[in-house]
Amino acid sequence: MIVRLLLCFLCSLFYAVTSDAQRSTDEALERSDYRKVESVSVLILSTMLADRGIGEWGFAALVEVDGRKLLFDTGARPQTVLQNSVELGVDLSDVEDVVLSHNHTDHTGGLITLRSHFAEQNPRALSRTHVGKGIFLSRPGDGREWNPMPRIREEYESAGGEFVVHDGPYEWAPGVWLTGPVPRIHPERNWSGVGQLRTANGLQADTIPESMSLVIETSEGLVVVSGCGHAGIINILEYARSQFRRSNIHAVLGGFHLFTADDETLKWTAQKFKEFGLKHFLGSHCTGIEAVYQIRDAVGLARENCVVGAVGSSFTLGEGIDPVRLAR
Ligand SMILES: [Zn+2]
Ligand SMILES: [Zn+2]
């Protein structure tokens, strides 16, 4: 009896301590001095659908926040982003920062071309590339190396570029965050599942641990940009809400690797989007066309606010999505 009473007492003590800790975390996240940005625009420069420029299996987007630019991923083929930027009349020569969301060639293929092309005009152009920890790990298979990043690192550094490796959240500009690697709370498993990773403990299944996203704090809620979403889009959004601000999710833009997801997974994903108050969804690259339409129905979004991303389509804070022509 005494033991039971003691256990009860310890339990209630533990509950009191943890709920206090939870409350203070919530208060910190609900802080009123969070750094809202004034203007955000995200323009897609590489994805499959294109009614201007070149379409490819890949992803890249130019992100502009309060006048500062960064290139999020660089497309698959060496020339795609460069040619599409010319065709869309977009200047990349004053972009200094690049984010590579993960190692896959459909996101990293344009980096060297872009750096070499613009360095003549501006030595700082595309000279700093942010990556998540784990991106350079060896991915062996069939007697070859599948990770392009060791080779890209050599070429990029000899062209004057610098990699910045993030092991946790990083505030790139006031209110603009890189997530760093994202904890996999839910078993979303949004990757092909065939690769292997060489670690200090030997070969392991490659979960693409370095995958990271961009999160922007706005007065409307969080705006999130993802490359392939290998960490799982719900894991990414929950992490963003726990680390940066527990507010609604205003816009989710980019690739989310849902093209192989079954109806049940899409329904669960959409339910979470609904709980987070999602208002805009620009499903590009590996999101899957059917996935975009199921999400539109299940979340209850209008056709203007839930669109298949194309080369040249964009999101602007305060204006919403411009789908260009075909995906309208
Ligand atoms: Zn990928
Ligand atoms: Zn991809």
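The values are calculated or read from the model by the stated rules, or taken from the named source; none is laboratory data. From a predicted model like this one, the values you see are computed outputs, not experimental measurements. For neighbour counting, all protein chains shown are included, and Cβ atoms are generated from backbone atoms with ideal geometry for every residue, glycine included.
Remarks
- Of all residues in region 207-216 being crowded, with 23+ Cβ neighbours inside 10 Å and in contact (Cβ under 8 Å) with a residue 40 or more places away in the chain, the one that is farthest from Pro169 (Cα to Cα): Ile208
- Residue match in region 302-313 (condition: in a helix (DSSP H, G or I), buried (at least 22 other Cβ atoms within 10 Å of the Cβ), away from ligand 1 (no atom under 16 Å from the Cβ) and of a type in the set (Val, Ile, Thr)): no
- Within region 293-315, being closer than 18 Å to Ser46 by Cα and under 18 Å from the mean Cα position of the chain (by Cα) holds for Val307, Val308, Gly309, Ala310, Val311, Ser313, Ser314, Phe315.
- Only a single criterion out of (1) out of contact with any Phe, Trp or Tyr (no Cβ under 6 Å at 6 or more places or on another chain); (2) β-branched (Val, Ile, Thr); (3) within 16 Å of ligand 2 (Cβ to nearest atom) is not satisfied by Ile216, namely (3).
- The lone criterion from (1) within 16 Å of ligand 1 (Cβ to nearest atom); (2) hydroxyl-bearing (Ser, Thr, Tyr); (3) surrounded by fewer than 19 Cβ atoms within 10 Å (Cβ to Cβ) left unmet by Thr265 is number (1).
- Of all residues making up region 104-131, the number that are in a helix (DSSP H, G or I) and of a type outside the set (A, V, I, L, M): 9
- Residue check for Val98: outside any loop (DSSP other than H, G, I, E, B), touching a strand residue (DSSP E or B) at 6+ places or on another chain (Cβ under 9 Å) and either within 19 Å of Gly161 (Cα to Cα) or touching a residue at least 12 places away in the same chain (Cβ under 8 Å) (or both): yes
- Region 231-262, residues that are touching a residue at least 40 places away in the same chain (Cβ under 8 Å), among the polar types (S, T, N, Q) and within 16 Å of ligand 1 (Cβ to nearest atom): Asn235
- Options Leu71, Leu100, Leu88: the member that is among the hydrophobic types (A, V, I, L, M, F, W, C), more than 15 Å from ligand 1 (Cβ to nearest atom) and touching a helix residue (DSSP H, G or I) at 6+ places or on another chain (Cβ under 9 Å): Leu71
- Contacts under 7 angstrom Cβ, first residue in region 272-295 being within 13 Å of Ile321 (Cα to Cα) and basic (Lys, Arg), partner more than 16 Å from ligand 2 (Cβ to nearest atom) and in a strand (DSSP E or B), 6 or more apart: Lys279/His250; Lys279/Ala251
- Within region 293-304, one or more residues are modelled with pLDDT of 95 or more, within 25 Å of Ile185 (Cα to Cα) and basic (Lys, Arg).
- Residues located in region 242-262, provided they are part of a helix (DSSP H, G or I) and either hydroxyl-bearing (Ser, Thr, Tyr) or crowded, with 19+ Cβ neighbours inside 10 Å (or both): Ser242
- When the criteria are applied in full, Ser127 fails the requirement of being of a type in the set (S, T, N, Q), under 20 Å from Glu64 (Cα atoms) and within 14 Å of ligand 1 (Cβ to nearest atom).
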